[in-house]
Amino acid sequence: MAVRPIIRMGHPVLRRRAAAVTADHAALLPDLVRDMVETMYTARGIGLAAPQVAESLRVIVFLDIACRETDEAAPLQVLINPEVVPVGADTALDWEGCLSIPGLRGEVARHARIRYSGIDGTGQHVEREATGLAARVVQHEVDHLDGILYPDRMTDMRRFGFVEELDDNEDMDQ
Ligand code: NI
């Protein structure tokens, strides 16, 4: 296993549509997934997409933080060729950060409830529903596979700033 460098906004791979994983990638996939997990943990992220380590393939890893509500350690999820479908029309507005845009945070509207599917790390097809932060993380990571970064989704750029400034001035955040 190895921690790989995380590329940042401006790198062209982050703007590319990532390729679907096929049988041709079977040999490189286990190392890629292990490295992505180690890279995400080292960077203290809650999600990482393969393009962020400069591999233009449709692979994401994330922590299912919905489980934090039950005080369990967040289980690690691996999704290969993930698909996201919104459930209902509700959207939710909340703050997001990205390991490829370090130090910044912005407010983004996302589908409040989604159904997502894909192949997990053991080769099983999975299909789940997610709400809240878990739904947000999956949408953010799948966006990376289509070359989309969260500022592209923002509608009010006044709600974009450096984490340290936002934290210091939280009481002014009305
Ligand atoms: Ni990101």
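Values in this text are rule-based calculations from the coordinates and carry no lab data. Worth saying up front: this structure is predicted, and the values here are computed from it rather than measured. In this analysis, Cβ positions are derived from the backbone assuming ideal geometry, glycine residues included, and neighbour counts consider all displayed protein chains.
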With 0.36 nm assigned to each residue of separation and the Cα-Cα distance removed, R44 to T155 gains 37.2 nm
Cα extents of segment 118-165 along the principal axes, largest first, in whole Å, come to 42, 23, 20
Computed for the chain: size of charge dipole around the Cα centre, +1 on C-beta of each Lys and Arg, -1 on C-beta of each Asp and Glu, debye to nearest 20, value 680
Cα-only Rg/Rh for segment 1-106 with Kirkwood Rh rounds to 0.97
Among T91, G10, L166, the residue whose Cα sits farthest towards the positive end of the charge dipole of the chain (+1 at Cβ of Lys and Arg, -1 at Cβ of Asp and Glu, taken about the Cα centre) is G10
So, over other residues within a Cβ distance under 12 Å of H140, counting Lys, Arg +1 and Asp, Glu -1, the net charge is -3
A chain fully extended from I7 to F162 at 0.36 nm per residue, minus the present Cα-Cα distance, gains in nm 53.9 nm
Nearest-0.05 FRET efficiency for D94 and R128 at R0 = 22 Å, using Cβ-Cβ distance, is 0.65
Projected onto the charge dipole of the chain (unit charges on the beta-carbon of Lys, Arg, Asp and Glu, signs +1, +1, -1, -1), the Cα from L104, V37, Q52 with the largest positive-side position is that of Q52
